[in-house]
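Contents: one structure, followed by commentary.
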Amino acid sequence: MHMAGIDVPAGLKGVVVTTTELGDVQGAKGFYHYRQYSAIELARTRSFEDVWFLFVHGRLPAAEERAPFAAEVARLRVLPEELRPVLRAIATAGDRFDPLAGLRTALSLVGAARNLPPLWEAAPERRAADALLVGAVTPTILAALYRIREGAEPLEPRADLSTAANWLYLVTGKDPEPTQVAAIERYLTATIDHGFNASTFTARVIASAGADLVSAVAGAIGAFSGPLHGGAPDRALEALDEIGTPDRIDAWVRAKIAAGDRIMGFGHAVYRTEDPRAVMLAEIAGELAGHADAQGVELVDFADTVHRRVTEILAELKPGRELHVNVEFYAGVVMELCGLPRSMFTPTFTASRVVGWCANILEQATETKIIRPIARYTGPRPPQLVPPA
């Protein structure tokens, strides 16, 4: 029997596919939340570990729970032994460094070596343990891949450092400045989760099939690697390089729009106001400028100028579209000021978002129905006779 189905907007825009207790994005209001709390308020006032605990346990930790949770995360950061013999081969594969592809490969090996069971038949305690391991070890893997590719030895994670401080240390090899740690911590916390974006939805589709947790995370990483999703913070900064000076802004933007090109760092699939993450990151960039050298101050000033002028030109040429600066624009500026190389901008985003993916995977694993939409066929009319060979 032919199923006509229900037509929905392209990209499933506005289609409600399930319920969730993890959070939501209210695009018209320029607001998003983790459970019952403003995500931006959490980023301003709580540690990354506190908010990670919120995603795991559904509540913020009591004072006596914070240290044990941080200690457990620190224990799980250590690079798995099964990865050490093959990490160099993963890091040096290919003509260009692709950290997310390397992460997919490395996590797949960890999942196989640790015998991660299908979510369908795993006890809730095992699922939670696997999720915590993947969230904790992902930054260590990413940093190790980067350092090997750069001809340096991977560093061992330090239990005395927070997640944010440890990330900066593992990538740069230096003890990070407190201002840098505070900036990256707020960024990481603000990017843990953000509604049913492409990578989160991908993770939940795979989880709905009952596959193991690493398979779901690997699928999310694949979606996230696309430049239309997580792979754009470095491209937004490259746009500033292309523009070069304030007098070139107008011509550069108008040429991009005339060619139908997307301006990285502007516009969002959900927000019709300024992206609240971008607002916070712009403030952080200003704070970092107060501790930066002349080049850093110049970068922030130029980013602010480009931000204002591009917004004005977009409003002129695309009236009614509400194309505002998004998280990627100032994320690149902040990470540059914190000493992170551009090849590690998207991996930094990944180091936080993996926590959100895992939370969504565990929530989806409590459901029993596979996600199975249909497509409307628009090819040649069937059935036709198969021509003779």
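The values are calculated or read from the model by the stated rules, or taken from the named source; none is laboratory data. Everything numeric in this text was worked out from a predicted model, so none of it was measured. Virtual Cβ from ideal backbone geometry, glycine too; neighbours counted across all protein chains shown. The accessibility values were calculated without ligands, DNA or RNA, using every heavy atom of the protein model including side chains. Shrake-Rupley method; radii C 1.70, N 1.55, O 1.52, S 1.80 Å.
Observations
- Proximal charge balance of Arg158 [Cβ under 14 Å; K/R count +1, D/E count -1]: 0
- In a simple Cβ point-charge model (Lys, Arg +1; Asp, Glu -1; nothing else charged), region 1-108 has a dipole of about 220 debye relative to its Cα centre.
- Part-to-part distance (alpha-carbon centres) for region 124-153 and region 221-269, which is given in Å: 30 Å
- Å² per residue, accessible surface of the chain at 1.4 Å: 48 Å²
- Spin-label zone in region 51-66 - amide nitrogen under 16 Å from a point set 7 Å from the Cα of Glu21 along the C-beta vector: 53-61
- Each residue of region 179-193 was assigned a 3J(HN,Hα) from its phi angle through the Karplus expression (A = 6.51, B = -1.76, C = 1.60, θ = phi - 60°), giving 5, 5, 4, 4, 5, 5, 4, 5, 4, 4, 5, 6, 10, 4, 8 Hz with x at Gly and Pro.
- R0 of 51 Å, Cβ-Cβ distance Ala258-Leu12: FRET efficiency to nearest 0.05: 0.95
- Accessible-area composition of the chain, carbon plus sulfur, in percent [1.4 Å probe]: 55 percent
- Label point at Glu82 placed 7 Å out along Cα→Cβ; residues across region 116-160 whose backbone nitrogen lies under 18 Å: 116-123, 126-142
- Whole-Å distance, taken between Cα centres, linking region 371-385 and region 294-329: 44 Å
- Listed residues Gly320, Gly135, Gly210, most fluctuating in the chain (Gaussian network, C-alpha, under 10 Å): Gly320
- Selected from Pro85, Phe201, Ala71, residue furthest toward positive end of dipole (the chain; charges at beta carbon): Phe201
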